[in-house]
Amino acid sequence: MKILLLGANGFIGSSILMRLMSAGHEVTGLSRNPDRAALRWPAARWLKRDLATLTGIADWQELVEDHAVIVNCAGALQDGPADDLAATQERSMRALYESALLAGGKRIVQISAPAVPKLDYLPFLATKRRADDALKSSGVEYVILRPALVLGRNAHGGSALIRALASAPFVLPLIHADSLVQTVAVDDVAQQVLEAVEGNITSGADVDLAASERLTLAQLVQLHRQWLGLPSATVFRVPSSIGRVCTLLADLAGRLGWRSPLRSTAMVVMEQGVISQPRTGDATAGPTLQTARQALDAHPAGVQDLWFARLYLLKPVVIASLSAFWLLSGLIPLLDASRAAAHFLPFMTPSTSIALTLATCAVDIALGLLVLVRPFTRNALIGMLAVALSYLLGGTLLQPDLWLDPLGPLVKVLPFLPLCLVALATLDER
């Protein structure tokens with residue numbers, strides 16, 4: 001069977017992709033970066049598409065007509081430079097449903113979110129709900145699956161944050177430590193999608209996918225800590241005031257393109273608990289699923305998991321430190337540009353030395369700002385490496401005695417270089 005998979009290279013989508021292909025289905029994945037996706041999963045067919053631009057029926061026509069089933073596991077947590085919730089999760093989906101109906105009523109399998117009526121004001125949940133309602137009234141065959149917190153061999157978003165918190169030294173700093181959480185193994189989600197694709201789940205089903213157990217967030221983090229091979233640690237309940245500061249900073253980072261799991265939407269949902277809510281109407285009883293312990297034990301942790309967990313929360317610290325380093329190196333000389341320019345006086349005129357000082361300050365400030373903006377971070381880091389090496393080379397040729405300076409202005413650049421490489425090595429999010 002030919003299947004169109006939206007969000008095919010994501011955390012959940014990639015597991016669904018592999019399960020569908022292992023069952024013998026032909027899968028076409030949509031991706032913003034199909035070339036990279038094809039390197040990881042060459043057996044699938046990949047097309048470059050951005051769901052936010054597929055808001056018309058005609059935009060979907062060719063894609064829908066060429067496939068028997070469409071599986072949608074794409075989504076975003078909050079609006080940002082690369083994410084438009086209304087376009088991606090609602091308008092494009094409405095156009096897809098209408099196109100699927102015109103093409104003869106293709107079956108659609110939708111990965112949605114647990115229904116939480118009291119939080120329906122959140123754009124993430126509101127757009128999901130409206131898309132679900134539109135699908136139910138569209139006239140096409142459909143199955144809606146609502147996974148709880150998804151656990152698997154890999155991690156992304158909330159599951160990645162839980163691993164990071166579990167690896168904290170001495171104490172476990174938790175916001176909403178007593179909130180209840182239900183989980184589901186990503187392998188179970190992929191299996192249920194396969195069942196829906198092959199018609200083994202009745203059309204019109206709306207299924208919550210969550211293991212029956214309910215753990216507190218603190219218990220779930222402790223469980224992950226055991227999985228990582230670390231001893232139990234005391235839970236430190238982070239005051240709400242500090243939590244609000246973290247959320248504010250995460251939302252600010254979100255506006256710069258960073259998809260932090262500490263953004264306000266995730267924190268509001270976690271405060272209420274990630275649990276299946278009692279529903280009436282078309283809600284369908286879910287299958288028996290793996291517990292959190294079973295999901296983790298199915299994929300024993302290795303040292304690479306411990307490295308990832310420990311580096312996850314260090315990554316924003318590294319980026320912020322690099323930004324501060326370059327901003328300060330550019331701003332401080334401006335307090336006394338003439339004095340800063342004195343280093344160049346033996347080799348050029350005073351006016352030229354001032355101009356060069358101002359130019360290097362501008363470059364440093366620009367790099368310090370650009371590294372904070374996610375779409376420019378990689379190029380900014382590469383620029384930092386290039387500029388730092390040029391400073392070292394220029395300083396060595398023009399003033400080699402700087403290497404003997406007790407304050408070590410050139411020596412102190414050396415540890416910056418591997419830190420920049422660490423930032424580059426951990427930059428990818430999926």
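The values are calculated or read from the model by the stated rules, or taken from the named source; none is laboratory data. Owing to the predicted nature of the structure, the values given are computational and were not obtained by experimental measurement. In this analysis, Cβ positions are derived from the backbone assuming ideal geometry, glycine residues included, and neighbour counts consider all displayed protein chains. Areas reflect the complete protein model, heavy atoms only, side chains present, ligands, DNA and RNA absent. Shrake-Rupley method; radii C 1.70, N 1.55, O 1.52, S 1.80 Å.
Residue-by-condition table, conditions (1) touching a strand residue (DSSP E or B) at 6+ places or on another chain (Cβ under 6 Å); (2) in contact (Cβ under 8 Å) with a residue 24 or more places away in the chain; (3) of a type in the set (D, E, K, R):
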| site | (1), (2), (3) |
| --- | --- |
| T349 | no, no, no |
| T357 | no, yes, no |
| T360 | no, yes, no |
| G368 | no, yes, no |
| R374 | no, yes, yes |
| L385 | no, yes, no |
| Q399 | no, yes, no |
| W403 | no, no, no |
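Does the range 176-186 contain any residue that is part of a loop (DSSP other than H, G, I, E, B), open to solvent by 20 Å² or more (accessible area, probe 1.4 Å) and without any contact (Cβ under 8 Å) to a residue 60 or more places away in the chain? If you could, list the steps in order and put the result at the bottom.
Initially, the range 176-186 is screened for residues part of a loop (DSSP other than H, G, I, E, B), giving 176-179, 182.
Then keep just the ones that are open to solvent by 20 Å² or more (accessible area, probe 1.4 Å); that gives 176, 178.
Subsequent filtering for residues that are without any contact (Cβ under 8 Å) to a residue 60 or more places away in the chain retains 178.
Yes.
Whether any residue in the range 188-197 is assigned to a loop (DSSP other than H, G, I, E, B) and closer than 13 Å to P287 by Cα is what I want to check. It would help to see each step written out before you state the result.
Filtering the range 188-197 for residues assigned to a loop (DSSP other than H, G, I, E, B) gives none.
No.
Quick one: is Q191 among the polar types (S, T, N, Q), open to solvent by less than 40 Å² (accessible area, probe 1.4 Å) and in contact (Cβ under 8 Å) with a residue 40 or more places away in the chain?
Numbers: among the polar types (S, T, N, Q): yes; open to solvent by less than 40 Å² (accessible area, probe 1.4 Å): no; in contact (Cβ under 8 Å) with a residue 40 or more places away in the chain: yes.
So Q191 does not fit the description; no.
When you scan the range 254-266, how many residues do you find that are assigned to a loop (DSSP other than H, G, I, E, B) and in contact (Cβ under 8 Å) with a residue 60 or more places away in the chain? Full working, then the answer.
Narrowing the range 254-266 to residues assigned to a loop (DSSP other than H, G, I, E, B): 256-263.
If we keep only those that are in contact (Cβ under 8 Å) with a residue 60 or more places away in the chain as well, we get 256-259, 261-263.
Summing the residues that are assigned to a loop (DSSP other than H, G, I, E, B) and in contact (Cβ under 8 Å) with a residue 60 or more places away in the chain in the range 254-266 gives 7.
Check off (1) touching a His at 6+ places or on another chain (Cβ under 9 Å); (2) open to solvent by 30 Å² or more (accessible area, probe 1.4 Å) for G243 and give me the number that stays unchecked.
The failed condition is (2).
Kindly indicate whether S137 is without any contact (Cβ under 8 Å) to a residue 40 or more places away in the chain and surrounded by fewer than 23 Cβ atoms within 10 Å (Cβ to Cβ).
Details: without any contact (Cβ under 8 Å) to a residue 40 or more places away in the chain: yes; surrounded by fewer than 23 Cβ atoms within 10 Å (Cβ to Cβ): yes.
Criteria met by S137.
Counting only residues that are without any contact (Cβ under 8 Å) to a residue 24 or more places away in the chain, small (G, A, S) and at negative phi, how many does the range 405-429 have? If you could, list the steps in order and put the result at the bottom.
Start the filter on the range 405-429 by keeping residues that are without any contact (Cβ under 8 Å) to a residue 24 or more places away in the chain, which leaves 405-412, 414-415, 418, 425, 428.
Narrowing further to those that are small (G, A, S): 408, 425.
Next cut, at negative phi only: 425.
Going through the range 405-429 one residue at a time, the tally reaches 1.
With in a strand (DSSP E or B) and either surrounded by fewer than 20 Cβ atoms within 10 Å (Cβ to Cβ) or on the phi < 0 side of the Ramachandran plot (or both) as the only criterion, which of D208, D251 stands out? Lay out the reasoning, then the answer.
Values: D251 fails: in a strand (DSSP E or B).
Exactly one residue qualifies, and that residue is D208.
Exactly one of these conditions fails for M18: (1) in contact with an Asp or Glu (Cβ under 8 Å, 6 or more places away or on another chain); (2) open to solvent by 60 Å² or more (accessible area, probe 1.4 Å). Give me its number.
For M18, the failing item is (1).
Please indicate, with yes or no, whether at least one residue in the range 343-365 is closer than 27 Å to K315 by Cβ and among the aliphatic types (A, V, I, L, M). Can you show your working first?
If we filter the range 343-365 for residues that are closer than 27 Å to K315 by Cβ, which is where we start, we get 363-365.
Those left that are additionally among the aliphatic types (A, V, I, L, M): 363, 365.
So far as the range 343-365 goes, yes, one or more of its residues are closer than 27 Å to K315 by Cβ and among the aliphatic types (A, V, I, L, M).
Can you tell me which of L85, L63, L54, L47 is farther than 15 Å from A131 by Cα and open to solvent by less than 20 Å² (accessible area, probe 1.4 Å)?
Working: L85 fails: farther than 15 Å from A131 by Cα; L54 fails: farther than 15 Å from A131 by Cα; L47 fails: open to solvent by less than 20 Å² (accessible area, probe 1.4 Å).
Being farther than 15 Å from A131 by Cα and open to solvent by less than 20 Å² (accessible area, probe 1.4 Å) holds for just one of L85, L63, L54, L47, which is L63.
Return the residues of the range 21-44 that are free of Cβ contacts under 8 Å to residues at least 60 places away in the same chain, surrounded by 14 or more Cβ atoms within 10 Å (Cβ to Cβ) and more than 18 Å from the chain's Cα centre (by Cα); say none if nothing qualifies.
M21, E26, V27, T28, G29, A38, W41, A44
Looking at the range 286-294, can you tell me whether even one residue there is at pLDDT 95 or above, out of contact with any helix residue (DSSP H, G or I) (no Cβ under 9 Å at 6 or more places or on another chain) and closer than 24 Å to P169 by Cα?
no
Scan V116, V143 and give me the residue that is at pLDDT below 95, crowded, with 18+ Cβ neighbours inside 10 Å and farther than 30 Å from P231 by Cβ.
Numbers: V143 fails: at pLDDT below 95.
Just one listed residue meets the conditions, V116.
Scan the range 88-113 for residues that are surrounded by fewer than 23 Cβ atoms within 10 Å (Cβ to Cβ) and among the hydrophobic types (A, V, I, L, M, F, W, C) and report the count. Explain how you work it out, then say what you get.
Within the range 88-113, the subset surrounded by fewer than 23 Cβ atoms within 10 Å (Cβ to Cβ) is 90-91, 94-95, 98, 101-107, 112-113.
From the residues that got through so far, the ones that are among the hydrophobic types (A, V, I, L, M, F, W, C) too are 95, 101-103, 113.
Of the residues in that region, 5 qualify.
Go through the range 120-134 and report how many residues are among the acidic types (D, E) and buried (at least 17 other Cβ atoms within 10 Å of the Cβ).
Of all residues in the range 120-134, those among the acidic types (D, E) come to 120, 132-133.
With buried (at least 17 other Cβ atoms within 10 Å of the Cβ) added as a condition, the list becomes 132.
Residues that pass the stated criteria total 1.
Out of the residues in the range 254-285 that are open to solvent by 50 Å² or more (accessible area, probe 1.4 Å) and among the polar types (S, T, N, Q), which is modelled with the highest pLDDT?
Filtering first and then ranking leaves Q272.
Is it the case that some residue within the range 130-153 is within 30 Å of I57 (Cβ to Cβ), within 21 Å of the chain's Cα centre (by Cα) and of a type in the set (F, W, Y)?
no
With the requirement that a residue be within 23 Å of D251 (Cα to Cα) and open to solvent by less than 50 Å² (accessible area, probe 1.4 Å), what does the range 66-76 give you? Steps first, answer last, please.
Within the range 66-76, the subset within 23 Å of D251 (Cα to Cα) is 74-76.
Within the range 66-76, A74, A76 qualify.
Spot the failing condition for L230; the list is (1) buried (at least 22 other Cβ atoms within 10 Å of the Cβ); (2) within 19 Å of F308 (Cβ to Cβ), and only one is missed.
The failed condition is (1).
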